[in-house]
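Colleague: The structure is given below, and queries will be raised subsequently.
The values are calculated or read from the model by the stated rules, or taken from the named source; none is laboratory data. The model shown is predicted, which means the values in this text are computed figures rather than measured ones. Cβ: placed from backbone, ideal geometry, glycine included. Neighbour counts: every protein chain shown. All accessible areas refer to the heavy atoms of the entire protein, side chains included, with ligands and DNA or RNA removed. Shrake-Rupley method; radii C 1.70, N 1.55, O 1.52, S 1.80 Å.
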Amino acid sequence: MLRVGVGAGARLTSPGYAPMNLEKKLAQWQEAGVIDADTRARIEGFEHGRQHPVLLYALGGLGALTLGTGIVSVVAANWDAIGKLQKLAADLLLGGALAAAVYWSARREQAWLSDVLAAVYYAFVLASIALLGQVYQLGAPTYQALLTWSLCTAPFMLLARSPLVAAVWLCGLVGTQGVSIDAWLDTLRKGSGGNALANNLGATLAFASTLMWLWLSRAPWLVRERPLVSDTWTRMLWGAVLAAGLAAGFLFYEHPSGSQLLSWSLGACGVVVAALHVSLPRLYPHWSAQAYAGHRLLVACIWLLLAAAAGQSHGEAAWLGAIAQVVLLGIAAFSVLALGQLRVFNLLTAAIALRVLVMYFEVFGSMLDTGLGMISGGILTLLLAWLWKRKSPELAQRLGRMGG
Amino acid sequence: MPRKLLIAAVVLPLFVLGLGIVRAELQLSNGRRWVFDVTGYDPRDLLRGHYLNYRIALHETKPLERCDDDSSQRCCLCLQGVASGVPPKVQRASCELAAKRCDGMLQTRYLSQLQRYYIPEADANKLTQRFQDAARQQRTQLLLAIDKSGKPAVAALLVDGQRIASKPAAR
């Protein structure tokens with residue numbers, strides 16, 4: 001009965017909005033005789049022990065990022081008042097002070113302070129690499145600077161605990177990966193392999209790296225020691241999976257042919273999808289059967305969409321792409337509902353309504369057609385809104401019960 | 001995190017930055033200096049600030065041997081010194097041949113990385129104007145420090161033989 005999950009489905013344990021819901025639920029359960037006062041007290045004690053000062057972390061992360069951005073801007077201004085070596089010495093001294101502060105706060109287990117300092121240090125290292133590039137007029141490719149930054153900051157960024165810093169760190173890591181892979185694919189395109197090899201490798205790497213990041217976000221150490229980081233990464237990565245699927249829908253707006261078409265990579269991506277299907281229960285042991293089904297269906301549909309849109313040449317089929325996007329949003333909405341995440345479900349429902357409206361503008365041409373389309377689209381949207389208002393909590397409860 | 005690991009984690013970025021400085025200094029001090037004519041214009045980089053963008057005017061003469069940049073063979077520019085402050089005679093060749101027969105060599109794969117020069121934001125407009133005026137009259141040069149393997153480092157952007165950020169000499 002008591003489904004208190006962790007990870008993306010952890011509505012009751014998610015730090016952002018858990019306390020109110022949990023206390024209300026516990027009171028209801030005690031009143032209904034489902035649990036006794038001792039059990040309620042034990043659950044409350046356990047959950048309160050897991051609470052994190054979310055606002056404090058958010059403000060700390062925001063402040064740190066602002067400070068970091070400021071440092072980057074100062075460097076970008078390319079201040080020239082002092083000489084090259086003095087400038088670099090000052091930079092290293094400031095870096096040393098930051099490193100010492102991170103060490104000091106981490107040793108004293110001052111979680112909030114070490115989080116803020118780690119974020120500032122993270123931005124500072126990037127700024128310092130840029131400064132080095134300025135001072136020595138280094139024209140090396142961007143991916144080299146980003147790789148150096150990501151690799152040498154990863155060990156101390158493991159100290160990060162707040163969702164905001166975790167989100168920025170993930171963006172930094174994935175951005176570095178994307179820029180590096182793109183540079184490598186560019187080299188391949190210019191070489192003997194040509195476009196076909198680069199496109200196939202690109203698609204395979206995109207699927208494989210998504211799986212890799214999903215695995216990393218659920219690494220046992222991260223889940224145990226950095227639950228907020230794991231939770232933030234999980235949410236962001238599944239959001240990225242959906243965004244990638246929606247982007248794949250736009251392939252129907254193109255006319256792929258020749259070397260633009262994917263070949264062997266569709267098989268490779270299929271293997272990655274199968275691996276993800278198999279590994280979901282290990283990654284998210286507390287999810288319900290419906291949540292597994294929803295997420296599996298989502299990933300499988302994205303693969304099918306990719307195969308249909310980029311596996312064979314076709315003419316422009318905007319309507320097919322638009323329908324595929326609505327279907328993906330629908331599956332995603334079902335999946336998050338099965339996890340009890342009503343807010344995300346509401347957001348996705350709104351996205352479906354918006355996509356349906358946009359579809360009418362895309363598909364219909366004349367004023368009359370567009371008008372009729374918008375009337376039916378409006379009715380469909382209102383119906384969706386009514387269903388959302390009346391049925392979603394009930395459906396969420398039912399899905400929760402089915403999940404056991 | 002254990003104490004030693006924590007120290008290693010926070011010191012690693014400083015070590016990498018220090019290594020970058022030492023490497024760049026060694027490249028500048030050990031490389032032989034060559035000047036090249038340049039022509040250019042001025043955009044800016046959001047992350048790194050203002051820079052001048054230019055093209056190196058190599059004035060290549062007949063190649064020593066055929067070398068294709070897209071092939072697996074490494075291509076170099078064979079540099080033969082002419083006089084101090086004068087751009088060298090430049091001929092394309094494989095790096096193996098250039099290493100044996102030339103005064104110096106520059107690997108062609110680095111050429112695309114040599115086309116920007118960062119300038120202080122405070123003086124950006126003034127320096128840009130100075131660079132553009134000088135470039136029109138072909139008075140701009142790039143000073144490179146090139147090591148024995150043909151890897152270059154930008155030592156300075158010169159206008160009338162002086163670093164661009166320094167005060168112009170009376171003409």
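Colleague: Working only within segment A:222-243, note down all residues that are closer than 19 Å to A:A324 by Cβ and surrounded by 15 or more Cβ atoms within 10 Å (Cβ to Cβ).
Modeller: A:W238, A:A240, A:V241, A:L242
Colleague: Please go through segment A:306-350 and pick out each residue that is among the polar types (S, T, N, Q) and over 17 Å from A:H295 (Cα atoms).
Modeller: Of everything in segment A:306-350, those that are among the polar types (S, T, N, Q) and over 17 Å from A:H295 (Cα atoms) turn out to be A:Q312, A:S313, A:N346.
Colleague: What are the residues in segment A:118-128 that are open to solvent by less than 30 Å² (accessible area, probe 1.4 Å) and out of contact with any Asp or Glu (no Cβ under 8 Å at 6 or more places or on another chain), if any?
Modeller: Within segment A:118-128, A:A118, A:A119, A:V120, A:Y121, A:Y122, A:A123, A:F124, A:V125, A:A127 meet the criteria.
Colleague: For segment A:337-366, which positions are open to solvent by less than 60 Å² (accessible area, probe 1.4 Å) and in contact (Cβ under 8 Å) with a residue 40 or more places away in the chain?
Modeller: Across segment A:337-366, the qualifying residues are A:L337, A:A338, A:L339, A:G340, A:Q341, A:L342, A:F345, A:N346, A:T349, A:M359.
Colleague: Separate question: May I ask you to verify whether A:A77 is closer than 30 Å to B:A124 by Cβ, within 13 Å of chain B (Cβ to nearest Cβ) and modelled with pLDDT under 65?
Modeller: When the stated conditions are applied, A:A77 passes them.
Colleague: Still on this structure: Give just the number: which of (1) within 9 Å of chain B (Cβ to nearest Cβ); (2) crowded, with 21+ Cβ neighbours inside 10 Å; (3) within 26 Å of A:D182 (Cα to Cα) does A:T142 not satisfy?
Modeller: Looking at each condition in turn, A:T142 falls short on (2).
Colleague: May I pose another question? Just for segment A:1-15: of the residues that are open to solvent by 60 Å² or more (accessible area, probe 1.4 Å) and closer than 24 Å to A:R226 by Cβ, which one is modelled with the highest pLDDT?
Modeller: Result: A:R11.
Colleague: Let me ask you something else. Consider B:Q129 carefully, then state whether it is more than 30 Å from A:L188 (Cα to Cα) and part of a loop (DSSP other than H, G, I, E, B).
Modeller: Answer is no for this residue.
Colleague: Something else now. Tell me which residues, restricted to segment B:122-161, are in contact (Cβ under 8 Å) with a residue 12 or more places away in the chain, surrounded by fewer than 17 Cβ atoms within 10 Å (Cβ to Cβ) and facing chain A (nearest Cβ under 10 Å).
Modeller: B:D123
Colleague: When you scan segment A:266-289, how many residues do you find that are closer than 20 Å to A:G245 by Cα and crowded, with 16+ Cβ neighbours inside 10 Å?
Modeller: Of the residues in segment A:266-289, 8 are closer than 20 Å to A:G245 by Cα and crowded, with 16+ Cβ neighbours inside 10 Å.
Colleague: Next question. Looking at the structure I just gave you, is A:H255 in contact (Cβ under 8 Å) with a residue 60 or more places away in the chain, open to solvent by 30 Å² or more (accessible area, probe 1.4 Å), within 25 Å of A:L197 (Cβ to Cβ) and not in a helix (DSSP H, G or I)?
Modeller: Taking the combined requirement at face value, the residue satisfies it.
Colleague: Still on this structure, I have one more. Starting from residues that are open to solvent by less than 60 Å² (accessible area, probe 1.4 Å) and under 30 Å from A:L159 (Cα atoms), keep the ones in segment A:21-50 and report whichever is modelled with the lowest pLDDT.
Modeller: By that ranking, first place goes to A:N21.
Colleague: In segment A:145-176, which residues are farther than 23 Å from A:E225 by Cβ and surrounded by fewer than 19 Cβ atoms within 10 Å (Cβ to Cβ)?
Modeller: A:L147, A:G175
Colleague: Kindly evaluate A:V179 against the criterion of being within 13 Å of chain B (Cβ to nearest Cβ), part of a helix (DSSP H, G or I) and over 24 Å from A:A274 (Cβ atoms).
Modeller: yes
Colleague: Within segment B:145-157, can one find any residue that is hydroxyl-bearing (S, T, Y) and over 16 Å from the mean Cα position of the chain (by Cα)?
Modeller: Within segment B:145-157, none of the residues are hydroxyl-bearing (S, T, Y) and over 16 Å from the mean Cα position of the chain (by Cα).
Colleague: For segment B:14-27, does any single residue satisfy the condition of being basic (K, R), away from chain A (no Cβ under 12 Å) and surrounded by 12 or more Cβ atoms within 10 Å (Cβ to Cβ)?
Modeller: Taking every residue of segment B:14-27 in turn, none turns out to be basic (K, R), away from chain A (no Cβ under 12 Å) and surrounded by 12 or more Cβ atoms within 10 Å (Cβ to Cβ).
Colleague: Search segment A:90-117 for residues being of a type in the set (S, T, N, Q) and modelled with pLDDT of 85 or more, and hand back the single one that is surrounded by the fewest Cβ atoms within 10 Å (Cβ to Cβ).
Modeller: Residue satisfying both the conditions and the ranking: A:S105.
Colleague: Answer yes or no: is there a residue in segment A:158-170 that is free of Cβ contacts under 8 Å to residues at least 40 places away in the same chain and either at the interface with another protein chain (Cβ under 9 Å from one of its Cβ atoms) or outside any loop (DSSP other than H, G, I, E, B) (or both).
Modeller: Checked against the condition, which is being free of Cβ contacts under 8 Å to residues at least 40 places away in the same chain and either at the interface with another protein chain (Cβ under 9 Å from one of its Cβ atoms) or outside any loop (DSSP other than H, G, I, E, B) (or both), segment A:158-170 yields no hits at all.
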